[in-house]
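A.B. asks: I have a structure I would like to understand better, so I am pasting it below and will then ask my questions one at a time.
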Amino acid sequence: MKPVTHTELDARLATIEATMDGRVARIEDAVNRIAADNTAIRGGIASLKVTVAVTAIGAVLTIVLGVAAFNAALTSNMLGAFQSGQQAAAQR
């Protein structure tokens with residue numbers, strides 16, 4: 001095996017350095033894309049949180065108002081039936 005000259009070693013190291021620079025650049029690009037995607041996902045999650053909160057509040061209000069309407073209808077019908085009974089009893 002013959003010894004490696006200084007110029008051959010420099011050429012080899014330059015080739016390796018150029019290859020590594022290319023790899024590092026590709027890794028940096030991938031990290032930048034991941035960071036951009038992460039920002040977009042965070043924005044989507046924030047709007048999703050607002051949507052879920054508004055939907056939950058709307059569902060609760062619908063249930064509460066539905067129960068209140070059912071109670072009002074039931075009370076009105078019972079009062080009507082009671083008054084009808086009173087009138088029927090008064091006519092006898």
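A.B. asks: Of the numbered conditions (1) surrounded by 10 or more Cβ atoms within 10 Å (Cβ to Cβ); (2) at pLDDT below 95; (3) polar (S, T, N, Q), residue 7 satisfies every one except a single condition; which is it?
C.D. replies: Only one criterion is unmet by residue 7, namely (1).
A.B. asks: Do we find a residue being part of a helix (DSSP H, G or I), modelled with pLDDT of 90 or more and surrounded by 10 or more Cβ atoms within 10 Å (Cβ to Cβ) anywhere in the range 42-49?
C.D. replies: Checked against the condition, which is being part of a helix (DSSP H, G or I), modelled with pLDDT of 90 or more and surrounded by 10 or more Cβ atoms within 10 Å (Cβ to Cβ), the range 42-49 yields no hits at all.
A.B. asks: Being surrounded by 10 or more Cβ atoms within 10 Å (Cβ to Cβ), within 23 Å of the chain's Cα centre (by Cα) and among the hydroxyl-bearing types (Ser, Thr, Tyr) narrows it down to one residue among 75, 55; which is it?
C.D. replies: Details: 75 fails: within 23 Å of the chain's Cα centre (by Cα).
Among 75, 55, only 55 is surrounded by 10 or more Cβ atoms within 10 Å (Cβ to Cβ), within 23 Å of the chain's Cα centre (by Cα) and among the hydroxyl-bearing types (Ser, Thr, Tyr).
The values are calculated or read from the model by the stated rules, or taken from the named source; none is laboratory data. Keep in mind that what you see is a predicted model, and the values were worked out from it rather than measured. In this analysis, Cβ positions are derived from the backbone assuming ideal geometry, glycine residues included, and neighbour counts consider all displayed protein chains.
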